[in-house]
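S.K.: To start, I am sharing the structure in question, which I have written as structure tokens.
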Amino acid sequence: MKKIMVSFFIITGFYISLHAAIIKTGDVLDITVLGQPEFSGRYTVSQSGTIEYPLLADETIVNISTSELMNELTFRLAKHIENPLVLISPVEKPNITVTVLGQVAKPGPVETYLGATIQEVIQLAGGPLEKADIDSVKVIHKGGNDQTALYFNLKSFMKKGKIADMPRLQPDDIVILLSQTRATKVKVIGAVNKPGFFDLDEKINLFELIYLAGGPAEKADLSRVRRFFKSENKTLEEVINVQSFIDKGEMDKIPMVEEGDVIIVYSKWFDWRIFMSILTNVLLFIVTVQSIRGAVT
């Protein structure tokens, strides 16, 4: 590739001088040749320092000013058209199109600006859905594929706020929000008619889950429902008085169930053998869930 040798051009005795900006890779230049739309357009400076302008093919234009490039292009155009008047200016935030797919409210192409962040384009696509995995946002650059895809931890960025870690998007990039890969089952055991594992297809509360398990058995004690759950890699437990919520008509205040929970509905009478059997079931389920999450991680 050749480096442009700058020449100066005088038009009808006047030297045209504009505010000069030094051209860099990634810049977008607005080139206007007055009265000549076929020689006008908007061009992006490639990583190799060139633009796809007919009279500048394979020419390196970085590290010179827009005024210098304007003079050089005026000189070259004078060989093809009479008295060309050329204006060149950098575009501050040129519009680009980025495609956002996967777990977003409005998947598809979105209009944004060159250098927009992943977080910005996700919001333009309606925001992430509940099951979106923001720990690993997939980005494929133009002409790339799955093998060259990049992954960005948006959740980590939202905690640490390091702007330098946020990748900037380029024209025709594809951003993909994948679904979370984790256990979606809960287990209900004890005094219910159909104990076992249940998939959480949607958010439900503790009372709804008990009825999903066939409802409470005849001697079920809903005033002592025990819930085992995970929090920051620790297994915690709580005893919830579901009956109290029912008696007060406060159904909307009954705690929600989360993926991986174990729910125990006790009977109104107590038997140590049944308790130990239930406890063994709980521990086995917790170990299984931890193994699944460890494999996913």
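The values are calculated or read from the model by the stated rules, or taken from the named source; none is laboratory data. All values derive from a computational prediction rather than experimental measurement. We place every Cβ from the backbone using ideal geometry, glycine too, and count neighbours over all the protein chains shown.
S.K.: For residue 87, indicate whether it is in contact (Cβ under 8 Å) with a residue 24 or more places away in the chain and within 18 Å of the chain's Cα centre (by Cα).
M.R.: Answer is no for this residue.
S.K.: For segment 36-52, which positions are in a loop (DSSP other than H, G, I, E, B), in contact (Cβ under 8 Å) with a residue 12 or more places away in the chain and under 20 Å from residue 83 (Cβ atoms)?
M.R.: Going residue by residue through segment 36-52, those that are in a loop (DSSP other than H, G, I, E, B) are 36, 40, 45-52.
Filter once more, so that each one left must be in contact (Cβ under 8 Å) with a residue 12 or more places away in the chain: 36, 45-51.
Within segment 36-52, just 36 meets the criteria.
S.K.: Now, a different point. For segment 231-265, give me each residue that is farther than 15 Å from residue 205 by Cβ and buried (at least 18 other Cβ atoms within 10 Å of the Cβ).
M.R.: Answer for segment 231-265, where residues must be farther than 15 Å from residue 205 by Cβ and buried (at least 18 other Cβ atoms within 10 Å of the Cβ): 260, 262, 264.
S.K.: What are the residue pairs meeting all of these: first residue in segment 159-180, first residue in contact (Cβ under 8 Å) with a residue 60 or more places away in the chain, second residue assigned to a loop (DSSP other than H, G, I, E, B), Cβ atoms under 6 Å, and 6 or more apart or on different chains?
M.R.: Between residues of segment 159-180 that are in contact (Cβ under 8 Å) with a residue 60 or more places away in the chain and residues that are assigned to a loop (DSSP other than H, G, I, E, B), the close pairs are 169/116; 172/142; 173/141; 177/103; 179/103; 179/131.
Residue-wise test of (1) closer than 14 Å to residue 195 by Cβ; (2) in contact (Cβ under 8 Å) with a residue 24 or more places away in the chain; (3) basic (Lys, Arg).
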{"site": "224", "(1), (2), (3)": "no, yes, yes"}
{"site": "234", "(1), (2), (3)": "no, no, yes"}
{"site": "238", "(1), (2), (3)": "no, no, no"}
{"site": "241", "(1), (2), (3)": "no, no, no"}
{"site": "249", "(1), (2), (3)": "no, no, no"}
{"site": "257", "(1), (2), (3)": "no, yes, no"}
{"site": "266", "(1), (2), (3)": "yes, yes, no"}
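S.K.: Based on what the data block shows, is residue 126 modelled with pLDDT of 85 or more, touching a strand residue (DSSP E or B) at 6+ places or on another chain (Cβ under 6 Å) and assigned to a loop (DSSP other than H, G, I, E, B)?
M.R.: Yes, satisfied.
S.K.: Yes or no: segment 230-238 includes at least one residue that is of a type in the set (A, V, I, L, M, F, W, C), modelled with pLDDT of 70 or more and in the same structural domain as residue 205 (by TED's automatic domain parsing).
M.R.: Here is the first cut: in segment 230-238, the residues of a type in the set (A, V, I, L, M, F, W, C) are 236.
Next, from what is left, pick out any that are modelled with pLDDT of 70 or more: 236.
Subset that is in the same structural domain as residue 205 (by TED's automatic domain parsing): 236.
Checking segment 230-238: at least one residue is of a type in the set (A, V, I, L, M, F, W, C), modelled with pLDDT of 70 or more and in the same structural domain as residue 205 (by TED's automatic domain parsing).
S.K.: Within segment 80-97, is even one residue within 30 Å of residue 160 (Cα to Cα) and crowded, with 16+ Cβ neighbours inside 10 Å? First the steps, then the outcome.
M.R.: Just the residues of segment 80-97 that are within 30 Å of residue 160 (Cα to Cα), to begin with: 92-97.
So of that shortlist, the ones also crowded, with 16+ Cβ neighbours inside 10 Å come out as 94, 96.
Checking segment 80-97: at least one residue is within 30 Å of residue 160 (Cα to Cα) and crowded, with 16+ Cβ neighbours inside 10 Å.
S.K.: Looking at residue 55 and the list (1) in contact with a Lys or Arg (Cβ under 8 Å, 6 or more places away or on another chain); (2) in a helix (DSSP H, G or I); (3) in contact (Cβ under 8 Å) with a residue 40 or more places away in the chain, which single condition is not satisfied?
M.R.: So the condition that residue 55 fails would be (3).
S.K.: Here's a follow-up. If you go through segment 197-217 one residue at a time, do you hit one that is under 26 Å from residue 105 (Cα atoms) and of a type in the set (Phe, Trp, Tyr)? Spell out how you get there, then give the answer.
M.R.: First, the residues of segment 197-217 that are under 26 Å from residue 105 (Cα atoms): 199-205.
Still in the list and also of a type in the set (Phe, Trp, Tyr): none.
No: segment 197-217 contains no residue that is under 26 Å from residue 105 (Cα atoms) and of a type in the set (Phe, Trp, Tyr).
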